[in-house]
Every structure is written in structure tokens, then in C-alpha cells.
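> The structure is given below, and queries will be raised subsequently.
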Amino acid sequence: MDDSWKRAYRGDSGVPHSDPQQLVSTWKGTFALASVAWLQTQTSNLIKSLQFNWSDKAIKIDQQKWKKIFDKKQKETVLSSNTNDSPTK
């Protein structure tokens, strides 16, 4: 039993961890694959966030329109309250 285990750690070419250079290249490949996967997810999220959405644009325009109307009515009420409060002679 010991003889079969000794061959694996003495540089048997069939065992991937027996060659130090192959071990390093395996880890390099693992890090390369992980970095490519991470970059791909980041770029796809960035592209999705930059896409133009017509619905959001329409809501934003509608909100701006209603805000202008609200501000105009608020100014009118302030002006009308100022004219009603002033004493007339």
C-alpha cells in the first residue's frame, strides 16, 4: 500500500499535483478564469444600467411637468393671499 502512495508524491506524471510547474499553471488558469468571470458580470451589469428606458424617461418628464404646475399654483396662492391681506383705502 505504501508503494502505491509513494509513486504519487515522487513525480508520477499521471498525478497533477506532483509537478510544481503544472501546479502553478493550474492556479494561474484558475485565477484567470475567475477574473474573466468577474469582469464579464461587472461589464454586463454596467451595460444593463446604461441602457435607455423609455418608461423611466416618460415618468421623469411627467414628474417635471407636474412639479412646474405645482410651483405655479403655489405662487398664485401666495400672490392671491398677499393681495387679500392688504388693506384697501
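Computed from the coordinates by the stated procedures, all read-outs in this text should not be read as laboratory data. The structure presented is a predicted model; accordingly, all values stated were derived computationally and were not measured. FYI the Cβ positions are ideal-geometry reconstructions off the backbone, even for glycines, and counts take in every protein chain you see.
> So, R0 is 41 Å and r is the distance between the beta-carbons of Thr30 and Ala58; what FRET efficiency does that work out to, to 0.05? Walk me through the numbers on the way to the answer.
On the way: r = 47 Å, r/R0 = 1.14.
Working from the Cβ atoms, E equals 0.30.
> Okay, moving on. Gain in length, Lys68 to Leu50, computed as 0.36 nm per residue apart minus the alpha-carbon separation, to one decimal in nm?
Numbers: separation 18, 0.36 × 18 = 6.48 nm, distance 2.78 nm.
My answer for the length gained is 3.7 nm.
> With a sphere of radius 15 Å drawn around the Cβ of Lys60, what net charge do the other residues whose Cβ falls strictly inside it have (Lys, Arg +1; Asp, Glu -1)?
Computed value for this residue: +2.
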